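Written out below as structure tokens is the structure these notes cover.
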Amino acid sequence: MEQKVKHPWNLCEMDAIKLQQELSLKVIKEDKITEIKYVAGVDVAYSEHSDKLIAAIVILEASSLRLMESIVVEDTVDFPYIPGLFSFRELPPIMKALKQIKLLPQLIVCDGQGIAHPRRFGLASHLGVLLDIPTIGCGKTKLLGEFKDPDLKRGAHSPLVDNCEVIGSVLRTQDNIKPIFVSIGHRVSSKTACEWILKLSPRYRLPETTRQADQLVNKVLSNIQNDPK
């Protein structure tokens, strides 16, 4: 995939924050989507015993959710653990994996935040701006904001609010299970983001993009850690 916006990754904390603030102005919060044939999911897993990490991309057929392609990249951690700056830690290996895919997705779902972020520029927004592609942030937990629990039925949702600004949706993807946190990444409206997450979550709490990418990174990481070599 072609990277439309480029910048250095080896930044100090203050420069990384400044860059987030600048790039957040490029985020498009309305639907700018072509026909979606393929949807990608991205995820990263870290080794507990070394500085290794695994980044994975899965490409699903949007209509059937059938797995069409997957790419795994093994890399090392090059950016410190700083809350709010995870994209500088995880996007370099994700970008390496995206360069290897053959099927180009029209939408990417990230296991993390979009604009539901202190500077309205989480990993999903960062990736979307870099590639100028529609992205959705879909987190298992919230990073910030307040909300009221949505109704217990699938499809129920409530606003996630920070400083009187709606920054995402708290979405129930299955009856009587914990909700997930959905936010605009780039070139997608909040309404469309929730609709797609529901389409991608026919049976489980998490969308298939996240589930399959998560299973892949953890399987590869487990094989590496159990390899006596």
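A few comments on the model shown:
- Long-range neighbours under 6 Å by Cβ, at least six apart or interchain, first residue surrounded by fewer than 19 Cβ atoms within 10 Å (Cβ to Cβ) within the range 168-184, second not basic (Lys, Arg): Asn176/Leu152
- Meets criteria (under 17 Å from the mean Cα position of the chain (by Cα) and assigned to a strand (DSSP E or B)) for Val170: yes
- Considering (1) touching a strand residue (DSSP E or B) at 6+ places or on another chain (Cβ under 7 Å); (2) of a type outside the set (Val, Ile, Thr); (3) at positive phi, the lone condition that Leu65 does not fulfil carries the number (1).
- For the range 198-229, a tally of residues being in contact with a helix residue (DSSP H, G or I) (Cβ under 9 Å, 6 or more places away or on another chain) and among the aliphatic types (A, V, I, L, M) returns 2.
- Options Leu91, Leu123: the member that is at pLDDT 95 or above and crowded, with 22+ Cβ neighbours inside 10 Å: Leu123
- Every residue from the range 88-128 that is over 16 Å from Ala40 (Cβ atoms) and not in a loop (DSSP other than H, G, I, E, B): Phe88, Arg89, Pro92
- Residue check for Leu123: touching a residue at least 40 places away in the same chain (Cβ under 8 Å) and closer than 23 Å to Glu208 by Cβ: no
- Qualifying residue in the range 13-27 (condition: surrounded by fewer than 16 Cβ atoms within 10 Å (Cβ to Cβ) and either closer than 27 Å to Gln212 by Cβ or within 18 Å of the chain's Cα centre (by Cα) (or both)): yes
- Hey, Ile59 assigned to a loop (DSSP other than H, G, I, E, B), touching a Phe, Trp or Tyr at 6+ places or on another chain (Cβ under 9 Å) and either of a type in the set (S, T, N, Q) or modelled with pLDDT of 95 or more (or both) or not: no
- Number of residues in the range 37-53 that are within 22 Å of Gly137 (Cβ to Cβ), of a type outside the set (Phe, Trp, Tyr) and out of contact with any Phe, Trp or Tyr (no Cβ under 8 Å at 6 or more places or on another chain): the value is 7.
- Any hit, the range 47-59, residues being more than 12 Å from Thr209 (Cβ to Cβ), surrounded by fewer than 24 Cβ atoms within 10 Å (Cβ to Cβ) and among the hydroxyl-bearing types (Ser, Thr, Tyr): yes
- Among residues of the range 92-114, those that are in contact with a helix residue (DSSP H, G or I) (Cβ under 6 Å, 6 or more places away or on another chain) and in contact (Cβ under 8 Å) with a residue 40 or more places away in the chain, counted: 4
- Residue within the range 34-45 that is farther than 17 Å from Ser125 by Cβ and among the aromatic types (Phe, Trp, Tyr) present: yes
Condition check ((1) part of a loop (DSSP other than H, G, I, E, B); (2) of a type outside the set (S, T, N, Q)) across all residues:
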| residue | (1), (2) |
| --- | --- |
| Leu23 | no, yes |
| Ile28 | yes, yes |
| Ile36 | yes, yes |
| Val42 | no, yes |
| Ser50 | yes, no |
| Val72 | no, yes |
| Phe79 | yes, yes |
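- In the range 196-223, the residues that are without any contact (Cβ under 8 Å) to a residue 40 or more places away in the chain and polar (S, T, N, Q) form Cβ pairs under 9 Å with partners that are part of a helix (DSSP H, G or I) and surrounded by fewer than 23 Cβ atoms within 10 Å (Cβ to Cβ), at six or more places apart or across chains, as follows: Ser201/Glu208; Ser201/Arg211.
- Candidates Cys164, Cys138 - the one that is out of contact with any strand residue (DSSP E or B) (no Cβ under 8 Å at 6 or more places or on another chain) and not polar (S, T, N, Q): Cys164
The values are calculated or read from the model by the stated rules, or taken from the named source; none is laboratory data. Since this is a predicted model, take the numbers as computed values, not measurements. Using ideal geometry, Cβ is built from the backbone for each residue, glycine included, and neighbour counts are taken over all protein chains shown.
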